[in-house]
Amino acid sequence: MNERIIPVVMPKWGLSMKEGTLTEWHVKEGDTIEVGQIIMDVETDKIASEVEAPDAGLLRRCIGQEGDVYGVQALLGVLAPDDVSDQDITSFIASYQEPATDEGNDYEKQTAYQYLDTNAGKIRYSYRQGEGKPFVLIHGFGGDLDNWLFNIDTLNEKGPVLVLDLPGHGQSTASTEALTIELLSQSVVDVMTANDIHKAHLVGHSMGGLICGHLALTHPDIAHSLSLIASAGLGTDINTHYIHGFVSAQNRRELKPILQLLFADPALVTRNLVDDVLKYKRLDGIRHLLDTLSAHLFKETQQRSVISEQLDQLSLPILTLWGEQDLVIPSQHAASLTKANIHVLSAAGHMVQMEAASAVNAAILAHTQ
């Protein structure tokens with residue numbers, strides 16, 4: 001097989017993606033593609049997103065058809081220099097096979113969900129093994145581990161990655177009627193300890209950033225570094241219209257415009273994403289749990305817990321990342337830590353780790369190397 005031929009495949013995002021819909025090509029046959037260039041749009045059962053080219057080259061064939069559904073790693077296109085013959089391209093396509101079954105089984109085994117009983121409830125998590133210092137990824141209010149769909153694989157190239165659903169979120173249960181930052185933070189420590197992780201690069205989004213900061217302040221030896229993404233706890237301002245709307249929404253019509261506040265591009269909020277969140281919110285006790293957690297975190301239009309001054313006293317590398325178009329927590333909070341490495345990314349909103357995943361991943365890896 002000609003080693004100069006490079007396949008363009010359906011990406012695998014996160015732990016559970018099995019297939020995706022190729023909704024649109026942004027390139028055509030004969031185009032020269034650069035690494036990082038947007039080449040197509042893909043929609044999964046979680047979210048729609050642009051796909052960046054991992055390799056550079058001349059696009060010789062577009063095989064995937066817009067509107068069709070393909071399994072992960074399915075062949076969608078072919079890159080090759082113009083001196084590679086059409087016959088070689090055709091032979092490559094005919095003989096292409098998805099990754100070997102053994103490799104697939106290893107991947108599935110490694111990324112399978114596990115559960116841990118803690119004082120705060122039964123916690124769902126996944127621990128991806130690897131070489132290097134581990135990363136622990138902590139999601140925000142009302143989120144789950146799928147908020148890290150576009151970050152897990154890249155970070156795993158540099159170290160093990162632990163992701164979890166906080167108590168009362170995703171598929172984790174809560175053994176209490178009132179969650180606090182202290183209780184949520186301890187649940188993270190419990191999962192880390194169960195997996196023999198004593199120190200890690202802590203990466204937190206929104207409320208997860210506040211949890212990362214709280215852990216660094218209360219467990220001085222737990223963090224190699226902090227990466228705080230659109231983080232709570234760095235200023236008082238917050239869009240409580242989003243918070244109250246998320247808690248109270250009972251149907252698609254109410255919930256969809258609330259979820260769209262999370263993104264600079266509201267088209268990224270798919271029907272499946274809305275349905276998944278509704279399914280979670282309709283679980284017994286979740287409305288009360290979110291209500292009490294909201295009251296713990298916020299008072300009227302402000303955050304109750306601001307820890308930026310305390311974090312500034314730490315001799316710990318801290319990165320703040322924000323989407324310039326964040327409609328939930330103002331991007332100006334990124335500069336609240338005087339010694340932090342600051343990145344504010346245009347054309348991204350509160351879910352900046354999803355909308356600008358490549359830039360976020362690159363910033364985290366540079367910060368933690």
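The values are calculated or read from the model by the stated rules, or taken from the named source; none is laboratory data. Quick caveat, the model's predicted, so the values are computed rather than measured. FYI the Cβ positions are ideal-geometry reconstructions off the backbone, even for glycines, and counts take in every protein chain you see. Remember, those area values only see protein heavy atoms, side chains included, never the ligands or the DNA or RNA. Shrake-Rupley method; radii C 1.70, N 1.55, O 1.52, S 1.80 Å.
Below is a table of values for the structure above.
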quantity	calculated
Selected residue (criterion: surrounded by the most Cβ atoms within 10 Å (Cβ to Cβ)) from residues of region 208-243 that are assigned to a helix (DSSP H, G or I) and free of Cβ contacts under 8 Å to residues at least 40 places away in the same chain	Leu215
Residues being among the aliphatic types (A, V, I, L, M) and buried (at least 16 other Cβ atoms within 10 Å of the Cβ) - total across region 64-73	1
Helices (runs of 4 or more DSSP H) lying entirely in region 272-369 (those with 1 or more residues that are small (Gly, Ala, Ser) and farther than 26 Å from Asp146 by Cα)	308-312
Any chance Gly132 is of a type in the set (Gly, Ala, Ser), out of contact with any Leu (no Cβ under 6 Å at 6 or more places or on another chain) and farther than 30 Å from His288 by Cα	yes
Extreme residue, modelled with the highest pLDDT, among residues of region 74-115 that are open to solvent by 60 Å² or more (accessible area, probe 1.4 Å), assigned to a loop (DSSP other than H, G, I, E, B) and closer than 30 Å to Gly170 by Cβ	Tyr113
Some residue of region 244-257 being closer than 16 Å to Gly349 by Cα, in contact with a strand residue (DSSP E or B) (Cβ under 7 Å, 6 or more places away or on another chain), open to solvent by 10 Å² or more (accessible area, probe 1.4 Å) and not β-branched (Val, Ile, Thr)	no
Search result, residues across region 45-85 that are over 20 Å from Glu3 (Cβ atoms), without any contact (Cβ under 8 Å) to a residue 40 or more places away in the chain and within 26 Å of the chain's Cα centre (by Cα)	Glu50
Filter pass, Asp68 being out of contact with any Phe, Trp or Tyr (no Cβ under 6 Å at 6 or more places or on another chain) and at pLDDT below 90	no
Selection within region 129-150 - open to solvent by less than 10 Å² (accessible area, probe 1.4 Å) and not in a loop (DSSP other than H, G, I, E, B)	Phe135, Val136, Leu137, Ile138, Leu145, Trp148
Complete set of residues in region 151-187 that are charged (D, E, K, R), touching a strand residue (DSSP E or B) at 6+ places or on another chain (Cβ under 6 Å) and open to solvent by 10 Å² or more (accessible area, probe 1.4 Å)	none
Top-ranked residue in region 1-58 [being assigned to a loop (DSSP other than H, G, I, E, B) and of a type in the set (Val, Ile, Thr); ranked as surrounded by the fewest Cβ atoms within 10 Å (Cβ to Cβ)]	Val35
Flag if Ile286 is in contact (Cβ under 8 Å) with a residue 24 or more places away in the chain and crowded, with 21+ Cβ neighbours inside 10 Å	no
Failed criterion for His169 (all others in (1) assigned to a loop (DSSP other than H, G, I, E, B); (2) touching a helix residue (DSSP H, G or I) at 6+ places or on another chain (Cβ under 6 Å); (3) farther than 17 Å from Trp322 by Cβ hold)	(2)
Members of region 131-149 that are in contact with a strand residue (DSSP E or B) (Cβ under 7 Å, 6 or more places away or on another chain) and over 20 Å from Ala232 (Cα atoms)	Lys133, Pro134
